[in-house]
1. Out of the DSSP beta bridges found with both residues in the chain, what percent are antiparallel (nearest 5)?
2. Based on alpha-carbon centroids, what's the gap between segment 1-51 and segment 229-275 in Å, whole number please?
3. Of the accessible area of segment 82-213, with the probe set at 1.4 angstrom, what percent is carbon plus sulfur?
4. If you build the convex hull over the alpha carbons only and average its shadow over all orientations, what do you get for segment 276-327? Give it in nm² to one decimal.
5. Plugging the Kirkwood radius over Cα pairs into Stokes-Einstein for segment 130-189, at a temperature of 10 °C and a viscosity of 1.306 mPa s, what D comes out in µm²/s?
6. Report the dimensions of segment 117-258 along its three principal axes from the alpha-carbon atoms, largest first, rounded to Å.
7. Give me the percent relative contact order of segment 181-305, please, defined on Cα pairs under 8 angstrom at least 6 residues apart.
8. Residues with amide H under 5 Å of Ser116's amide H, sequence separation 5 or more or different chain, H placed in the peptide plane at 1.01 Å from N; which?
Amino acid sequence: MKNILVTGGAGYIGSHACKVLRENGYTPVAFDNLATGWQDAVRFGPFEHGDLCDRDRLDQVFERYHPHAVMHFAALSQVGESVEKPGLYWRNNVLGSLNLIEAAVAADCRKLVFSSTCATYGDQDGVVLDEDSSQYPANSYGSSKRAIEEMLRDFEAAHGLRSVTFRYFNVAGADPEAEVGEFHRPETHLIPLILDVIEGKRADLTIFGTDYDTPDGTCIRDYVHVMDLVDAHVLGLKWLEDGNPSRVFNLGTGHGFSVREVVDEVRRVTNKAIACKEGPRRDGDCAKLVSGSDRAIRELGWRPDRSSLERMVADAWKWHQKGGYSS
Ligand code: UFG
């Protein structure tokens with residue numbers, strides 16, 4: 001079986017990617033520093049503890065597994081934190097990725113699937129964002145990811161490293177079999193926070209900003225099911241295996257939901273009361289981020305069949321009731 005090095009393989013999206021890689025006949029090697037990931041989430045292949053800032057450790061792992069390709073998920077990804085601590089984001093995300101890319105090239109591994117973000121586009125007055133839209137990141141998380149996209153272009157020109165870059169919109173839901181799921185400590189993401197309120201782990205949900213220029217005044221996001229998202233990664237890997245050129249794809253559904261609409265849907269699906277209060281805007285948030293995603297559907301044959309809000313909430317709720325990971 002072909003080994004795939006999965007950085008961030010103990011994290012939310014990386015662990016789901018390991019599951020579908022396994023199902024598709026690959027061996028996922030999870031590389032993670034466990035800063036935000038969980039060893040319990042590594043269930044589908046070997047685990048290598050390590051940090052992207054440690055080049056020697058990376059070289060050891062490339063030497064041990066000779067990966068056929070890399071899927072690069074490992075990153076710090078909290079918008080608010082990135083506004084307060086840009087140095088942390090530039091060091092961890094950009095320098096970490098530079099080490100990884102250099103180690104891959106040195107090991108003659110020249111296929112890489114990269115997790116980028118719609119945060120690279122920034123706030124553009126609510127237009128639907130396609131892959132050719134300009135990129136004006138509104139926070140250091142977005143700028144760090146845009147810098148890595150540029151790095152990949154330079155390394156392709158010089159060293160022939162081909163890549164597929166996916167710009168994610170808001171990832172939600174969980175493995176329907178609830179073997180892995182979303183579990184952050186502290187939690188900052190909307191749907192798991194609402195589920196925490198339902199379970200009495202939090203008193204209420206604070207809605208960050210009710211004065212945005214949107215129909216109900218709250219932010220609009222485009223939510224995509226994590227299983228659909230990781231399916232796209234396998235298609236991206238096959239795209240590279242088939243010898244196609246480097247390409248950027250948005251991963252979203254093209255439909256936006258406001259914070260209030262998400263709260264209403266969780267209330268409907270779970271049939272539970274949700275206490276909410278209104279608070280100020282959160283630094284770095286954009287009013288509306290909605291994807292134009294036809295390219296992935298057209299060119300990769302991607303089918304985001306599980307990305308209805310109802311299905312994402314139902315799968316997240318099923319996973320959430322298991323209580324997350326302990327280590
Ligand atoms: N929100 C609240 N209250 C909360 C938490 C979130 O109102 O307690 C709102 C946010 O303001 C935002 C929406 O819910 O409008 C979604 O927030 P999340 O934190 O779940 O997700 P983000 O949109 O901030 O972040 C996601 C990804 C990032 C990515 C970003 C792009 O998690 O990795 O989209 O903007 F960079």
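1. Values: 2 of 39 bridges.
So the antiparallel bridges in the chain amount to around 5 percent.
2. Here the two parts' Cα centres lie 20 Å apart.
3. Details: 2470 of 5290 Å².
Its accessible area is 47 percent carbon and sulfur atoms.
4. Approximately 7.1 nm², given one-decimal rounding.
5. On the way: Rh = 14.6 Å.
Once the numbers are plugged in, D ends up at 109 µm²/s.
6. 53, 39, 25
7. On the way: 168 pairs, mean separation 47.5, N = 125.
Value for segment 181-305: 38 percent.
8. Hits under the 5 Å cutoff: Phe166, Arg167, Tyr168.
The values are calculated or read from the model by the stated rules, or taken from the named source; none is laboratory data. Remember, it's a predicted structure, so these values are computed and weren't measured experimentally. Note that we place each Cβ from the backbone using ideal geometry, even for glycine, and neighbour counts take in every protein chain shown. When the accessible area is computed, the model is the full protein with side chains, heavy atoms only, and any ligands, DNA or RNA have been set aside. Shrake-Rupley method; radii C 1.70, N 1.55, O 1.52, S 1.80 Å.
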